[in-house]
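Here is the structure we will look at, set down as structure tokens.
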Amino acid sequence: MRDKWSSRSTFILAAVGSAVGLGNAWRFPGLAAKHGGGAFLFVYVLAMLLIGIPLLMMEIAIGRRTRQGAPGAMRAVNKTGEHAGWIAVSNGIAIGIYYAVVFAWVILMFLLSFKFAGFTGDTESASKLWITTINTTGTTSGFGTISWPVLGCLLIAWIACYLCIRNGTTSVGKVVKYTVSLPVICLLILAVRGFTMPGAMEGLAKLFVPDWSALGDSTLWVDAIGQVFYSLSVAMAIMFAYGSFVDEKANIAIDCVIIAVSDFVISLLAGIVMFTTMAGVGMLDNMSASGISTAFIIYPQAIVSLTKVPWINAAFAYVFYFCLITLAIDSLFSIVEGSSTAIADKFKLNKKKTTTVLCLIEGVLGLIFVTGAGLACLDIVDNFVNSYTLILTGIFEVIIVGWCFKTSKVLDQINLNTQNFKMPKWWFYLSIKFVAPVILTALFVWNVVSLFVGGGIYGAGDGYSLLSNIILGWLVMGLSLISGFIVKAIAKSGKKSAEEEAGWDDIKE
Ligand code: PHE
């Protein structure tokens, strides 16, 4: 019998837990700061309505109908769809490997939070804490050294992840209650503190008041669409798997709106915390560095500048990093769950064993990011996956569903049990057939061009060696693009594959 969520709220919480992750906490506020506050929010909401929400509904509905992980689900839509499914799984595996390492850094900072007490007022030392502990060279050389504290935390990260998903929907259902509510509580506490700081209003103005001239900057659009995509956890094989555990009676249209709105609201809440706190310590201008450095370099400086009382600052640090831990864990395990569901479905394997092996493999592969070259390697993989493979997967998915299949069948699934709110046909069609394919393709082309044009975000000027870009960027991307063929070859050599999977219409209601 296939796993099922124990209740509607469990499913919603699990999906919200996946969507709400570290991306909400530092990428979203950082991008808003960089791109004219309210102007960015405007484009973000637009992209969410036109691309994010329809895609989310589509993945969950196909998962529910077919009761399969991403590849099997997409195969029922169209035979070639299976490839798109495997690319999504590859994205999931690649992201899972390095996301666990970022999670390990967060655990490390949590454990080291007491140190902030000793750094009171000393922003210089606070900013160096993370860099010195992870022992990075900042370049792609230095594979010989390893950071033992990070290794220890990576082990904790994977054990925690495994414990949460070892019993599939049953154990996930139990933990998501906490991993979704705790970060919200932490953020609320931090927001109260933020509001009481001098300059809080100035911070809020920076977040909400639009600078419409920023709309002319194409990177705003690229960043906003990319962030919607990443934040809703689509194209990573997660939502197909989570959808495949959903009850027939579920109300996908409404549930997806709840999921997307919660994700957005929590991003805003995190934004409020970041902007008011940063304004309070006079660091508002440092906000627009939207990268990983926000949480590990800039925020520590803010923490030690909060008050002159060491223990209060340390307490704040504990709450902040605990919040990040609870944000990250359910995103991490959702991504492993997505891939393990896909693999177990395809090869008819025992789900628990598949999960165990996958955690082990991903954990071992993550060791490369624990070395001195780790930070640079992580940066390269992260950029390639987010800027290229993820978007490409989205393009394949919408083209297959929008143009190689009767799109109405997917829409019927979405609206199966809805009475009050139905996903309108014009909205879904407009998005899946036209807006999403065109905009995502434009985004993909834009990213590829900026890779080659000097001064682009990630090309000739990325500062890393060509060889490392080839191995960690191009090779990883190439492998995920051909992953469907690799799986087919493996399936052929073994007997136990599910080659006889049912098509969309063969499935009994
Ligand atoms: N939505 C997640 C975030 O914002 C992205 C993600 C999902 C990352 C799952 C990893 C795993 O952080």
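The values are calculated or read from the model by the stated rules, or taken from the named source; none is laboratory data. Please read all numbers here as calculations on a predicted model, not as lab measurements. Virtual Cβ from ideal backbone geometry, glycine too; neighbours counted across all protein chains shown. Remember, those area values only see protein heavy atoms, side chains included, never the ligands or the DNA or RNA. Shrake-Rupley method; radii C 1.70, N 1.55, O 1.52, S 1.80 Å.
How many residues does segment 116-162 hold that are part of a helix (DSSP H, G or I), under 21 Å from Ala100 (Cα atoms) and in contact (Cβ under 8 Å) with a residue 24 or more places away in the chain?
17
So which of Ala214, Ala224 ends up being more than 16 Å from the ligand (Cβ to nearest atom) and touching a residue at least 60 places away in the same chain (Cβ under 8 Å)?
Within the list Ala214, Ala224, the selection yields Ala214.
Checking the structure you have, find out if any residue of segment 93-105 is more than 13 Å from the ligand (Cβ to nearest atom) and modelled with pLDDT of 95 or more.
yes
Residues that are of a type outside the set (Val, Ile, Thr), more than 15 Å from Gly243 (Cα to Cα) and more than 16 Å from the ligand (Cβ to nearest atom): which helices (runs of 4 or more DSSP H) entirely in segment 1-89 hold 2 or more of them?
Of the helices (runs of 4 or more DSSP H) lying wholly inside segment 1-89, those with at least 2 residues that are of a type outside the set (Val, Ile, Thr), more than 15 Å from Gly243 (Cα to Cα) and more than 16 Å from the ligand (Cβ to nearest atom) span 28-34, 38-47.
Could you tell me whether any residue of segment 231-247 is surrounded by fewer than 19 Cβ atoms within 10 Å (Cβ to Cβ) and more than 22 Å from Leu220 (Cα to Cα)?
The answer is yes; a qualifying residue exists.
Given the criterion under 17 Å from Ile292 (Cα atoms) and open to solvent by 20 Å² or more (accessible area, probe 1.4 Å), identify the matching residue among Thr170, Thr133, Thr123.
Thr133
Would you be able to say whether some residue in segment 235-243 is more than 16 Å from the ligand (Cβ to nearest atom) and under 28 Å from Met423 (Cα atoms)?
no
The conditions are (1) farther than 18 Å from Ile12 by Cα; (2) without any contact (Cβ under 8 Å) to a residue 40 or more places away in the chain; (3) open to solvent by 30 Å² or more (accessible area, probe 1.4 Å), and Val261 fails exactly one of them. Which is it?
Failed condition: (1).
If I ask for residues that are under 30 Å from Gly363 (Cβ atoms) and among the hydroxyl-bearing types (Ser, Thr, Tyr), which ones from segment 116-154 would you list?
Ser127, Thr132, Thr133, Thr136, Thr137, Thr139, Thr140, Ser141, Thr145, Ser147
To keep it simple, each residue is scored yes or no on (1) under 19 Å from the mean Cα position of the chain (by Cα); (2) among the aliphatic types (A, V, I, L, M).
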| site | (1), (2) |
| --- | --- |
| Ile258 | yes, yes |
| Met278 | no, yes |
| Thr307 | no, no |
| Ala315 | no, yes |
| Val319 | no, yes |
| Glu362 | yes, no |
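Give me the pairs: first residue in segment 409-431 and touching a residue at least 60 places away in the same chain (Cβ under 8 Å), second residue open to solvent by 80 Å² or more (accessible area, probe 1.4 Å) and not aromatic (Phe, Trp, Tyr), beta-carbon distance under 6 Å, and six or more apart or on different chains, which are they?
Hits for this filter: Asn415/Lys422; Asn417/Lys249.
Of the residues Glu362, Glu337, which single one is under 24 Å from Thr66 (Cβ atoms), part of a helix (DSSP H, G or I), within 16 Å of the ligand (Cβ to nearest atom) and modelled with pLDDT of 95 or more?
Step by step, each of Glu362, Glu337 is checked, and only Glu337 is under 24 Å from Thr66 (Cβ atoms), part of a helix (DSSP H, G or I), within 16 Å of the ligand (Cβ to nearest atom) and modelled with pLDDT of 95 or more.
For segment 245-257, check the following and say yes or no: at least one residue is within 15 Å of the ligand (Cβ to nearest atom) and either within 26 Å of Cys164 (Cα to Cα) or modelled with pLDDT of 95 or more (or both).
Within segment 245-257 (the criterion being within 15 Å of the ligand (Cβ to nearest atom) and either within 26 Å of Cys164 (Cα to Cα) or modelled with pLDDT of 95 or more (or both)), the answer is yes, since at least one residue qualifies.
Residues are listed down the side, and each one gets a yes or a no for (1) buried (at least 22 other Cβ atoms within 10 Å of the Cβ); (2) out of contact with any Phe, Trp or Tyr (no Cβ under 9 Å at 6 or more places or on another chain); (3) touching a residue at least 12 places away in the same chain (Cβ under 8 Å):
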{"site": "Val357", "(1), (2), (3)": "no, yes, no"}
{"site": "Val364", "(1), (2), (3)": "no, yes, no"}
{"site": "Ile368", "(1), (2), (3)": "no, no, yes"}
{"site": "Gly372", "(1), (2), (3)": "no, no, yes"}
{"site": "Leu378", "(1), (2), (3)": "yes, no, yes"}
{"site": "Ser387", "(1), (2), (3)": "yes, no, yes"}
{"site": "Leu390", "(1), (2), (3)": "yes, no, yes"}
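Within segment 192-208, which residues are surrounded by fewer than 13 Cβ atoms within 10 Å (Cβ to Cβ) and part of a loop (DSSP other than H, G, I, E, B)?
If the condition is that a residue be surrounded by fewer than 13 Cβ atoms within 10 Å (Cβ to Cβ) and part of a loop (DSSP other than H, G, I, E, B), then Thr196, Pro198 are the ones that fit.
I'd like the full set of residues that are polar (S, T, N, Q) and not in a helix (DSSP H, G or I), limited to segment 163-191.
Asn167
Name the residue, out of Phe434, Phe444, Phe421, Phe405, that is farther than 22 Å from Ile252 by Cβ and surrounded by fewer than 20 Cβ atoms within 10 Å (Cβ to Cβ).
So the residue among Phe434, Phe444, Phe421, Phe405 that is farther than 22 Å from Ile252 by Cβ and surrounded by fewer than 20 Cβ atoms within 10 Å (Cβ to Cβ) is Phe444.
Does Gly23 satisfy the condition of being surrounded by 22 or more Cβ atoms within 10 Å (Cβ to Cβ) and in contact (Cβ under 8 Å) with a residue 60 or more places away in the chain?
Spelling it out, Gly23 is indeed surrounded by 22 or more Cβ atoms within 10 Å (Cβ to Cβ) and in contact (Cβ under 8 Å) with a residue 60 or more places away in the chain.
Would you mind finding the one in Phe296, Phe316 that is in a helix (DSSP H, G or I) and within 16 Å of the ligand (Cβ to nearest atom)?
Step by step, each of Phe296, Phe316 is checked, and only Phe296 is in a helix (DSSP H, G or I) and within 16 Å of the ligand (Cβ to nearest atom).
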